[in-house]
Amino acid sequence: PYTDAAIAAREAFDPLGDDPALLCIPPGMPAMMNNPYPIEFVDEGDRILLRLEEWDGVRTIHTSDAAVAEGQSPSSYGYSIGRWEGDVLVVDTRNFEDHRSPYQNGIPSGAQKHVIERYRLSEGGTHMAVEFTLEDPEYIVGSMTHRRELIYSPDMDMSPFDCDLESTRRFVPDNN
């Protein structure tokens, strides 16, 4: 479901030279949510902080009625506005910066990217169903949807990720 621009970018992608992870650049949204590391939600009233162990990421989900994406600086996490629909947290994220390969497969993402996420806590509070729909008309034809389930693990500690540029590049051949 990729556009011609996406296919051309993937064909030109050098995983040893172009992979942002080798430069300690996090993958951005929604790839950052598809990781095996701990995630923590912190409700601060007019916003929810979503802390991720991987890349020491912190996302802000604005929940006030005054939150608007227009005029905000683009970022790899975008600008997220959340609202409750019953017991489901719906997060609408726009205002992304261009990213060379957020999925580490050579397909870029662009400023037109739009992500809608839905988070629903299970009845017993032990699991959270997560679904996101991704649209990125510059690189993806139509939309993509992904679902996963997170397990509540209150006893897990978050450890610093501490990406070290020297370590990430240690085994990459120097082509100079």
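Just so it is clear, none of the values below were taken in a lab; they were calculated from the coordinates. Here the structure is a predicted model, which is why all the values come from computation and not from measurement. As a convention, Cβ positions derive from the backbone with ideal geometry for all residues, glycine included, and neighbour counts pool all protein chains shown.
Within the stretch 122-168, the GluC sites (Glu not before Pro) that combine a DSSP coil assignment with at most 13 other C-beta atoms in a 10 angstrom radius are GLU123.
From the largest down, the chain spans 55, 37, 29 angstrom on the principal axes of its Cα atoms.
Only the Cβ atoms of Lys and Arg (+1) and of Asp and Glu (-1) were treated as charged; on that basis the dipole of the stretch 74-139 about its Cα centre amounts to roughly 100 debye. So what is log10(I(q)/I(0)) for the stretch 26-128 at q = 0.16 1/Å, when the Debye sum runs over its Cα atoms only? These q points yield log10 I(q)/I(0) values of -0.72. The label point for SER159 and the one for ALA66, both projected 7 Å from the Cα toward the Cβ, are 4.1 nm apart. Note on the stretch 77-103 and the stretch 18-52: Cα centroid distance 11 Å, given to the nearest whole angstrom. Take the Cβ atoms of ARG83 and GLU11, set R0 to 45 Å, and the FRET efficiency comes out at 0.65.
For the chain, the dipole from Cβ point charges (+1 on Lys and Arg, -1 on Asp and Glu) about the Cα centre works out to 280 debye, to the nearest 20.
Extension gain, THR133 to ALA111, is 6.3 nm, computed as 0.36 nm per intervening residue step minus the present C-alpha separation. When the charge dipole of the chain is built from unit charges on Cβ atoms (+1 for Lys and Arg, -1 for Asp and Glu) and taken about the Cα centre, the candidate among TYR139, ILE151, PHE13 whose Cα reaches farthest toward its positive end is TYR139.
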